[in-house]
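The values are calculated or read from the model by the stated rules, or taken from the named source; none is laboratory data. Keep in mind the model is a prediction, meaning the values are calculated, not measured. Every residue, glycine among them, receives a Cβ derived from its backbone with ideal geometry; neighbour counts consider all protein chains shown. Each accessible area value is taken on the protein alone, full model and side chains, heavy atoms only, with ligands, DNA and RNA left out. Shrake-Rupley method; radii C 1.70, N 1.55, O 1.52, S 1.80 Å.
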Amino acid sequence: MPDTKKNFYVTTPIYYVNDVPHIGHAYTTVAADTIARYKRLKGCNVFFLTGTDEHGQKMEKAAATAGVPTIDFVDSVVPRYKELWAKLNISNDDFIRTTQERHKNAVTRLWETVQAKGDIFLGEYEDWYCVPCENFLTETQLKDGKCPDCGRPVEKLKEQSYFFRLSKYGEPLLKHIEANPDFIEPQGKRNEIVSFLKEGLRDLSVSRTTFSWGIPVPGDPKHVMYVWFDALTNYLTATGYPEGNNGFWPADIHIIGKDILRFHAIYWPAFLMSAGLPLPKKVFAHGWWTVDGQKMSKSKGNVVDPNQVADTYGVDQFRYFLLREVPFGVDGDFSLTSLVGRINSELANDYGNLLSRSVSMIDKYREGIVPVPDESKDREELEGRVKFLFGELPELYSSRIEGLNFYDALSKVWAVIRELNAYVDKSAPWKEKDEATLSNVLYNLAEGLRILSIYISPVMPQTAEKTRQTLGLDGNIEGAFDEETRWGGLKPGVKVLKTTPLFPRIQ
Ligand code: MSP
């Protein structure tokens, strides 16, 4: 049996709490939720982790600006994330905060292990630092004297610092990437990391002395650990490290945005190699959203609030749009015109209409009861194509979702939805009062919708549930993918329920 009870561990980045959540955070989290839900459908044991990144200079500064103790400041922002994830129907199994005791223990132990390996030494750091990115930079990396990644001003640092012997891990990392071609995806991003590694790595400063909001370095508490050493370890903490392993380490996939790939594809595996721990199986870097063609920024005032989009246009509509608008891995542009366009055409016209017309026909012609198909009729000519498409969909869909190609997976599903709509129009059995064909069409519609509810469930869980309620079907679909996507599973005789439109059209 494929995949049955295999463990599957997926993570999002842990989000900085110096700011409230925006569409970029929602994007990664919805994508991770979709893959987690799909894996549960396939019968896997899923562990899905998200959380918040709460230490570092950036947080200390934000709290100082707000005039409150740092812990109070971070405590006040964390619920904004938790509430958003509840609203967006995110099915995370754990929520980690880097200020938790379990995390401090894990990071301290990882540090000690790496130190015992001889990979940490005391030195002096003298160069540049970008606080918003929490990133160390050399003079030559600066662009017009500013951070090459975010374009903001950098600070000159000169302080005593512990260093991690990153330079030692360039070669082993290149070997690992070569031996595991899927370790970094998409391929273009993998190539960027390979070129970067080939230029050679310098040792990494992993402690700071000029502020105190962080985890103290063991044995030398005037230093706090570099926030990325702290943050990356969250993935391990949640699996029970250092006390044990809940069976989920190494992670199957870290889903991240392209801006934080180096931290995940270089620093993190190097720390793990040093500690003698297994590396995550995959790091996938997705693209960035612009808004109406512009970079999203507070100063431009164009930051998209996911709460507002979900409240105005619907949770499933928003989730669908995020994954359907652009291929995962490529940059995309968010615009209300495009969101409304997809809601009206793909959700209201194609899917919503299919469900409502099916239910009203079953209601009108068969008193709401799904009829027994009439085998006396030659059905191949009318139904052949629909059944063929449903037959090839499990494989087409799974291969794409497994590759995080949500865009393509959804377009395959929508091709079938459109075919089903076309099939009804072509057959038009009500016109000729052809009762046998009518029974067949009505059965096929209900059957098609039953199967479609499975395919859409990872992306639009509420819509899938409503569809299944309408068709009088079981709501618990965990482990049911293989069984439930096979044509012919619907028992005639079930009673369908009247529905209100799933996706009201938006003017
Ligand atoms: N705290 C670090 C991650 C530590 S993980 C061990 C961090 N946090 S963040 O809150 O700044 O960003 C989290 C994620 O949001 C990143 O993956 C980033 O790529 C993503 N996005 C931020 N802006 C985005 C867009 N405009 N579009 C898409 N994703 C964006 O980095």
Rounded to whole angstrom, the alpha-carbon centroid of region 276-324 lies from that of region 90-106 at a distance of 22
Taking r as the C-beta separation of Ser195 and Ala436 and R0 as 56 Å, the FRET efficiency to the nearest 0.05 is 0.30
Restricting to lysines and to Cα separations under 25 Å from Lys143, and discarding same-chain partners fewer than 8 apart, the set is Lys58, Lys61, Lys156, Lys158, Lys189, Lys198, Lys258, Lys295, Lys298, Lys300
Computed over the chain: longest principal axis from alpha-carbon atoms vs helix 315-324 long axis, angle to nearest 10 degrees, is 80
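At 1.4 Å probe size, with the rest of the protein present, what percent of the exposed accessible area of region 310-435 is carbon and sulfur atoms?
Numbers: 2700 of 5530 Å².
Exposed carbon and sulfur together represent 49 percent of the surface.
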For region 42-85, using Cα atoms only, the Rg and Dmax in Å read 14.7, 49
Given 408-416, 186-194, 106-114, the highest-first ranking by average Cβ count within 10 Å works out to 106-114, 408-416, 186-194
Expressed in nanometres to one decimal, the distance between label points 7 Å along Cα→Cβ at Lys364 and Glu395 is 3.9
Sorting Ser299, Gly123, Thr11 by the position of each Cα along the dipole of the chain (Lys, Arg +1; Asp, Glu -1; all at Cβ), the one nearest the positive end of that ordering is Ser299
Once the dipole of region 335-484 is set up from charges on Cβ (+1 Lys and Arg, -1 Asp and Glu), the residue from the list Tyr423, Val372, Phe481 lying farthest towards its positive end is Tyr423
For the chain, the longest principal axis of the Cα atoms and the Cα long axis of helix 380-402 enclose an angle in degrees, to the nearest 10, of 10
Between the alpha carbon centres of region 371-392 and region 226-264 the gap in Å comes to 49
Per the C-alpha gyration tensor (a ≥ b ≥ c, the square roots of its eigenvalues), region 7-286 is rounded if a/c is under 1.5, else prolate if a/b beats b/c, else oblate; here it's rounded
Place a point 7 Å from the Cα of Asp19 in the direction of its beta carbon; the residues of region 289-309 whose amide N falls under 17 Å from it are 289-308
Per-residue ellipticity at 222 nm attributable to helices in the chain (runs of n ≥ 4 DSSP H, -39500 (n - 2.57) apiece, nearest 500 deg cm²/dmol) works out to -14000 deg cm²/dmol
So for R0 = 35 Å, FRET eff. of Ser299-Arg202 from the Cβ-Cβ r, to 0.05, ends up at 0.60
Note to self: with every protein chain in place and a 1.4 Å probe, the chain gives an accessible area per residue in Å² of 41
Per the 1/(1 + (r/R0)^6) rule, R0 = 60 Å and r from the Cβ atoms of Ala64 and Asp374, FRET efficiency to 0.05 is 0.20
For the chain, the dipole about the Cα centre with charges only on Cβ (Lys and Arg +1, Asp and Glu -1), to the nearest 20 debye, works out at 280
DSSP beta bridges in the chain: the antiparallel percent, rounded to 5, is 50
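If DNA, RNA and ligands are ignored and the probe is 1.4 Å, what is the ranking of Trp288, Trp85 by accessible area, most exposed first?
Numbers: Trp288 105, Trp85 5 Å².
The most accessible residue leads, giving Trp288, Trp85.
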Note on region 201-287, DSSP bridge orientation, antiparallel percent to nearest 5 equals 50
For region 7-286, the accessible surface attributable to carbon and sulfur atoms (probe 1.4 angstrom, ligands and nucleic acids excluded) amounts in percent to 49
So, with points 7 Å from each Cα along the Cβ direction, the Gln308-Asp75 label distance in nm works out to 3.0
For region 164-220, the charge dipole (Cβ of Lys, Arg +1; Cβ of Asp, Glu -1; about the Cα centre) points to a positive end, and the Cα of Pro216, Phe196, His176 closest to that extreme belongs to Pro216
Length gained if Asp333 through Glu381 is fully extended, taking 0.36 nm per residue and subtracting the Cα-Cα distance, is 13.1 nm
Taking Cα atoms, the helix 70-87 axis meets the longest principal axis of the chain at an angle in degrees (rounded to 10) of 20
